[in-house]
1. Go through the residues of the stretch 154-173 one by one and say whether even a single one is buried (at least 22 other Cβ atoms within 10 Å of the Cβ), in contact (Cβ under 8 Å) with a residue 24 or more places away in the chain and part of a helix (DSSP H, G or I).
2. For the list (1) over 17 Å from residue 182 (Cα atoms); (2) part of a loop (DSSP other than H, G, I, E, B); (3) at pLDDT 95 or above, I need the number of the one condition that residue 44 fails.
3. Among the listed residues 107, 123, identify the single one that is in contact with a strand residue (DSSP E or B) (Cβ under 9 Å, 6 or more places away or on another chain) and farther than 29 Å from residue 195 by Cα.
4. Would you tally the residues in the stretch 175-192 being modelled with pLDDT of 95 or more and either out of contact with any helix residue (DSSP H, G or I) (no Cβ under 8 Å at 6 or more places or on another chain) or assigned to a loop (DSSP other than H, G, I, E, B) (or both)?
5. Go through (1) under 17 Å from residue 75 (Cα atoms); (2) buried (at least 16 other Cβ atoms within 10 Å of the Cβ) and name the single condition residue 124 misses.
6. Name the residues in the stretch 207-224 that are touching a helix residue (DSSP H, G or I) at 6+ places or on another chain (Cβ under 7 Å) and buried (at least 20 other Cβ atoms within 10 Å of the Cβ), would you?
7. On the given criteria, is residue 66 modelled with pLDDT of 95 or more and over 19 Å from residue 84 (Cβ atoms)?
């Protein structure tokens, strides 16, 4: 079993190795920022009733941070997130509803948002997995963006194919580092260090090999980092193949 210290050193090795690398097409490695982690932040639940430390939600496990929307073509990613969590007991998701992209998250409170998921999209009685921590609706870009997103965006450069739909991007000014659309994803280590940033169209099902590699015990950090680099390059290639098919 990894100790907390070992996990921290490994995560730092991963992000440090990514510091010199060029961002991929659909993913990028994050910079090393050992003086701060997402565990230092607080978030509010979807009903705006309780503020909680991220460390209490992450519970010492890797975490995906995702800005979500109910009425988006990518809302079906919720189904894959549920499946990913079923297959990985040592994983959590922080889901941030956001209405800044095409006004596709119009629900003004937790009841409206969760009912939209249950009865409309994905529908069919859908309920987010218990380890999808649904948080209060807010901004991920602009003057009122959540402090956690300010930190994540400063830690992780956007992938090279990131682009904005200017007529459907409702904040100002638009910065190159901003989240580009609904369901952009940040993968964070068990010690709270941002590791990778993924474009919205990267389906959660594609993360399984990466999460498995992160979870393998008794590997040298350098060897594991090389394996992850290979997996990320393969992810870029597989998405391009699928899109050109």
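1. yes
2. (2)
3. So the residue among 107, 123 that is in contact with a strand residue (DSSP E or B) (Cβ under 9 Å, 6 or more places away or on another chain) and farther than 29 Å from residue 195 by Cα is 107.
4. The qualifying residues number 11.
5. Residue 124 satisfies every listed condition except (2).
6. Residues satisfying the conditions are 207, 210.
7. no
Here is a yes/no grid of residues against (1) free of Cβ contacts under 8 Å to residues at least 60 places away in the same chain; (2) over 19 Å from residue 99 (Cβ atoms); (3) under 13 Å from the mean Cα position of the chain (by Cα):
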site	(1), (2), (3)
44	no, no, no
48	no, no, no
56	yes, yes, no
59	yes, yes, no
64	no, yes, yes
78	yes, no, yes
81	no, yes, yes
87	no, yes, no
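The values are calculated or read from the model by the stated rules, or taken from the named source; none is laboratory data. For clarity, every value in this text was computed on a predicted model and none was experimentally measured. Glycine gets a Cβ as well: all are built from the backbone with ideal geometry, and neighbour counts include every protein chain shown.
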